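Visitor: I am attaching a structure below and will ask some questions about it afterwards.
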Amino acid sequence: MPAKSIKPMQRIRVTKEFDFEMAHALDFHDGKCHNIHGHSYQLAVTFIGMPANEPTLPKDGMVIDFSDLKRIVKQNIIDFFDHALVLRDNSRFLKAIDQELNQRLLLVDYQPTCENLILDFVDRIKKQIENSNMELFSVRLRETNTSFAEWYASDNL
């Protein structure tokens, strides 16, 4: 039986997952998270687009090469946040932390909640794919085994 031909012009979602460790504190939070603590985060990034349909190109049949997706996320998110202590830039903990000794201290201008982190990640990723044939479809950031935040492009039109 001959191979079935593939229908062109169908959008496909491509996802890659990442793991990283990060500590943070939520200043003025009314629960345990106001203390410095850490999580083993799981990040899933999904692009959507039409697979290339040019047999002479090395990326023929791909929306994005998984290695390119990995490079985008690693260089723009993982390399910054993995094993970092992330604090708001006016955190009360800055008085007690020797910033020269803590080489992985990352100060941000927002409360480093799962929700705000995901918005930061979305912005970082979107800048890398501005002139491409694909779009960022969704991002999921899992903070614990039972807790995560999600961002979908369709929710933000």
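Nothing in this text is a laboratory measurement; each read-out follows from the coordinates by a stated rule. None of these values were measured; they are calculated from a predicted model. Quick reminder, even Gly has a Cβ in these numbers, built from the backbone with ideal geometry, and neighbours come from all protein chains shown.
Visitor: Pull out the extension gain between ASP19 and ASN35, defined as 0.36 nm times the separation in residues minus the alpha carbon to alpha carbon distance; nm, one decimal.
Guide: 3.5 nm
Visitor: Please work out the Kirkwood hydrodynamic radius for the chain, using every pair of different C-alpha atoms, and report it in angstroms with one decimal place.
Guide: That comes to 17.5 Å for the chain.
Visitor: Could you give the distance between the Cα centres of the range 89-157 and the range 7-34, to the whole Å?
Guide: Rounded to whole Å, the Cα centres lie 7 Å apart.
Visitor: Now for a separate question. How many lysine pairs does the chain hold where the Cα atoms are under 23 Å apart and the two sit 8 or more places apart or on different chains?
Guide: 16
Visitor: If R₀ is 41 angstrom, what is the calculated FRET efficiency for the pair ASP82 and LEU57, using the beta carbon separation as r and rounding to 0.05?
Guide: Computed FRET efficiency for ASP82 and LEU57 comes out at 0.80.
Visitor: What chymotrypsin sites (Phe, Trp or Tyr not before Pro) in the range 60-157 are in a loop by DSSP, with at most 13 other Cβ atoms within 10 Å of the Cβ?
Guide: Answer in residue order: TYR110.
Visitor: As I understand it, the value is the acute angle between the Cα axis of helix 114-128 and the longest principal axis of the Cα atoms of the chain; what does it come to in degrees, rounded to 10?
Guide: 50 degrees
Visitor: Length gain on complete extension for the stretch THR144 to LYS95, per 0.36 nm per residue less the alpha carbon to alpha carbon distance?
Guide: 14.8 nm
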